[in-house]
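Colleague: Below you'll find the structure I mean.
Read the figures in this text as sums done on the coordinates, not as results from a lab. All of these numbers come straight from a predicted model, not from anything done at the bench. Here the Cβ positions follow ideal geometry from the backbone for every residue, glycine too, while neighbour counts run over all protein chains shown.
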Amino acid sequence: MTLHSHPVQTHLPTLDFSRFHGTQSERDAFVAELRRTLHDHGFFYLTGHGVDPKLIADVVATAKRFFALPLEQKIEIEMVKSPHFRGYNRAGLERTRGEQDWREQLDVNTEGTAVAISPDTPAWHRLLGPNQWPSALPELKPLLLAYQAEVTRIGIDVLKAIAVALGQNEDVFAPIYEPQPSQLLKIIRYPGRDVAETDQGVGAHKDGGFVTVLLQDVTPGLRVRTEEGVWIEAPPVPGTFIINTGELLELATNGFVRADVHDVVAPPAGAERFSVAFFLGARYDASIPVIELPEALRGSERGITVDPLNPIFREVGQNHLKSRLRSHPDVARAHHADLLAPEQRES
């Protein structure tokens, strides 16, 4: 179980997931390749995932129909109406590191019911509740929930492969995602630079969960920053998902797995970019343990990234709520002013 040094990459690797479920030699080769990728930057294209191409095509086509609705039909389910951070956001309303992201999107999480909040209730309970769905497009709800279930399956399967690559039992993470992981799904449209006020589709950031399963349509824009500070373009490849690791895995492996910085550059004037991002996270009431890695890997641990502007907590619910409060200050002010510092309560 070793890591071999190799030249700095200028493109992301492609891993065929069917090999993980193939012969023992195929599985071993896949796991070794995955281990190197996890340590390098945690980003790769995934083929052999088994998701029905028709479901993928339907999700992209229906997402485009949602974004083509008149604004008044989209803002019927504007996120600021939901204390659970679910619903539609116009371009420029979400922020990364305080700067506006030029993308419009619909956020969906695990369908649930709201919890009565008392002074003793952990603050993350505010995240639990129903999604908002557009009345003008009733087919969107069953379609996105079916897709959410499929990418949850992929995310958990990939997480099992990651566990094996780290020298663990494949269910080592199960105690912190069963019976109900966090399932944040976003359909996203990036307008061209003739509409956007900057070229920031999404600012440079790390994802907060276990793994992200990203479906890209046809327009490029995603970039990944390596440890060496080199930006790698990650254009769409038909039939693939891009998988990347999040902060929970960095925490659990003491930095052997890195949650790498990435961003999205706004498309050129006259163009637009569509994507569907799924963020698989742990249960909100879980706390992230440190996994004891085999000796051969322990020497490659790099410790946890320390960002004073974005501290990472081992308490999953606290981490996720922190992220949502920062990203959606309008929702935070409308529904959660009691959690904010006085200066944050002003618009």
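Colleague: So for each of 39-51, 119-131 I average, over its residues, the number of other beta carbons within 10 Å; can you give me the resulting order with the highest mean first?
Modeller: Averaged packing, sorted descending, gives the order 39-51, 119-131.
Colleague: Of LEU143, ILE243, GLN216, which is farthest towards the positive pole of the chain's charge dipole, taken about the Cα centre with +1 and -1 on the beta-carbons of Lys, Arg and Asp, Glu respectively?
Modeller: Of the candidates, LEU143 comes out farthest on the positive side.
Colleague: Taking H as built 1.01 Å from N, whose amide H comes closer than 5 Å to the amide H of ASP16, not counting residues under 5 places away?
Modeller: When sequence neighbours closer than 5 places are left aside, the close amide H contacts are THR47.
Colleague: Rounded to two decimals, what ratio of Rg to Rh does the range 14-339 give with C-alpha atoms and a Kirkwood Rh?
Modeller: For the range 14-339, the value is 0.94.
Colleague: Provide the per-residue ³J(HN,Hα) series for the range 278-286, in order, calculated from phi with Karplus coefficients 6.51, -1.76, 1.60 and θ = phi - 60°, each as a whole number of Hz, with x at glycine and proline positions.
Modeller: Using θ = phi - 60°, the values come out as 10, 10, 8, x, 6, 4, 5, 8, 8 Hz.
Colleague: Okay, helix-only estimate at 222 nm for the chain: each DSSP H run of n ≥ 4 adds -39500 (n - 2.57), divide by all residues, round to 500 deg cm²/dmol; what do you get?
Modeller: That calculation yields -8000 deg cm²/dmol at 222 nm.
Colleague: How large are Rg and Dmax for the range 191-347 when only the alpha carbon atoms are used, in Å?
Modeller: 17.6, 53
Colleague: Quick check for me: using +1 on Lys/Arg Cβ and -1 on Asp/Glu Cβ, what's the dipole size of the range 209-263 about its Cα centre, in debye to the nearest 20?
Modeller: Dipole size: approximately 80 debye.
Colleague: THR96's amide H: which non-local residues (gap 5+, or another chain) put their own amide H closer than 5 Å, with H modeled 1.01 Å from N in plane and none for Pro or chain starts?
Modeller: Hits under the 5 Å cutoff: ASP101, GLY203.
Colleague: Still on this structure: What does the highest-first list of 239-252, 74-87 look like by mean Cβ count within 10 Å?
Modeller: 239-252, 74-87
Colleague: Could you please state, rounded to a whole Å, how far the C-alpha centre of the range 217-238 is from the C-alpha centre of the range 125-183?
Modeller: 24 Å
Colleague: Could you sort out which of LYS54/LYS206; LYS186/LYS322; LYS54/LYS186; LYS74/LYS206; LYS141/LYS322; LYS74/LYS186 sit more than 25 Å apart by Cα distance in this structure?
Modeller: LYS54/LYS206; LYS74/LYS206; LYS141/LYS322
Colleague: Oh, and also: Please identify, among PRO236, PRO191, PRO179, the residue showing maximal mean-square fluctuation in a Gaussian network model of the chain using a 10 angstrom Cα cutoff.
Modeller: Residue with maximal mean-square fluctuation among PRO236, PRO191, PRO179: PRO179.
Colleague: Would you mind checking which residues have amide H under 5 Å from ILE232's amide H? H placed 1.01 Å from N; only 5 or more apart, or other chain.
Modeller: The list, which skips near neighbours in sequence, is VAL224, ARG225, THR226.
Colleague: Of PRO122, PRO311, PRO134, which is farthest on the positive side of the dipole of the chain, counting Cα position, with +1 on Lys and Arg Cβ, -1 on Asp and Glu Cβ, and the Cα centre as origin?
Modeller: PRO134
Colleague: Let me ask something additional. Indicate the helices, whole DSSP H runs only, in the chain that combine a mean Kyte-Doolittle hydropathy of -1.0 or more with a Cα extent along their long axis of 18 angstrom or more.
Modeller: Going by DSSP H runs, the hits are 53-67, 140-165.
Colleague: Report the charge-dipole magnitude of the range 14-339 in Debye, nearest 20, computed about the Cα centre from +1 at each Lys and Arg Cβ and -1 at each Asp and Glu Cβ.
Modeller: So the magnitude is around 420 debye.
Colleague: Hey, can you rank 253-266, 19-32, 140-153, 313-326 by average C-beta count inside 10 Å, highest first?
Modeller: Going by the mean number of other Cβ atoms within 10 Å, highest first, we get 253-266, 313-326, 140-153, 19-32.
Colleague: Hey, another quick one. Please give the net charge around VAL331, taking every other residue with its beta carbon less than 12 angstrom from that of VAL331, where Lys and Arg add +1 and Asp and Glu add -1.
Modeller: With Lys, Arg at +1 and Asp, Glu at -1, the net is +3.
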